[in-house]
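Chemist: Let me give you the structure first, and then I'll get to my questions.
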Amino acid sequence: MTWRECRRVLLAIGVISTIILGGFLLDLTSKSRVVLRVFNAGSLTLPLERVKARFERDFSIYRPPGSLIPHRVEVSLEPAGSVACIRKIIDVGRRADVLAVADYSLIKSMMVPNYTTWYLMFARNRMVIAYTNNSKYADEINGDNWYQILNRTGVRWGFSNPNLDPCGYRALMVIQL
C-alpha cells in the first residue's frame, strides 16, 4: 500500500470515527420528550397529581432498553368522567398509556377484549352525602333519615351526569334504595 492510499484509509477511518463518536455523544446528551398520557376519572385527579409529581421527580429520565437516548418523561393527566375517558379511546380513537376510572367494571364491559386484555382494581370509593353547616336541615340529617331530608320541599341536591360518571349512576342507585 502506498503512502497516498494509507493516508486515504486513515482519513476515511478518522471521518467514520468522528461521525460515530459525534453521533454517540449527541445521543448521550440529547433528551427527547416522552409524554405518559393518563385518562383519569375526575375523582382521582387530586391523588394522581401527587403521584405525577413524585413520578416526574423520581423517574424524570427514562432510557428505553437498547437505546442510548435519554428521554425526559412528562405525565399528562386528562380528567373527565369515567365513561368519557373510555369513550376517548373507543369512540374517538385516542391513545392513553394509563386509564384510571372510578368504576373498574366499565373496563370489562366497554373495553375487553377489543381495547385491552387486562385491568386491575387499585382502590375503592364510597358514596357520601356532603353538606355544610349552612345546608338546610344540616342539624337534623343522619344515617337514618337522609332520604327523607333530601325529599323535603326546598332541599336542592345534585349529582354528576350518570351517562359520563360512575358517581352519577351510583347516586341514582343510592336514591332508589
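The values are calculated or read from the model by the stated rules, or taken from the named source; none is laboratory data. As the structure is a prediction and not an experimental result, all values here were calculated from the model. Using ideal geometry, Cβ is built from the backbone for each residue, glycine included, and neighbour counts are taken over all protein chains shown.
Chemist: Out of 103, 97, which single residue is of a type in the set (D, E, K, R) and either under 20 Å from residue 173 (Cβ atoms) or surrounded by 15 or more Cβ atoms within 10 Å (Cβ to Cβ) (or both)?
Modeler: It is 103.
Chemist: Right, here's the next one. Which pairs have Cβ atoms under 8 Å, sit 6 or more apart or on different chains, and link a residue in segment 123-137 that is under 16 Å from residue 41 (Cβ atoms) to one that is in a loop (DSSP other than H, G, I, E, B)?
Modeler: Sorted first by the residue in segment 123-137, then by its partner, the pairs are 125/102.
Chemist: Let me ask you something else. Quick one: which residue in 106, 120 is in the same structural domain as residue 47 (by the TED database), of a type outside the set (Val, Ile, Thr) and within 19 Å of residue 41 (Cα to Cα)?
Modeler: Details: 120 fails: in the same structural domain as residue 47 (by the TED database).
Answer to the selection: 106.
Chemist: What are the residues in segment 56-94 that are free of Cβ contacts under 8 Å to residues at least 40 places away in the same chain, surrounded by 11 or more Cβ atoms within 10 Å (Cβ to Cβ) and of a type in the set (Asp, Glu), if any?
Modeler: Passing the criteria: only 56.
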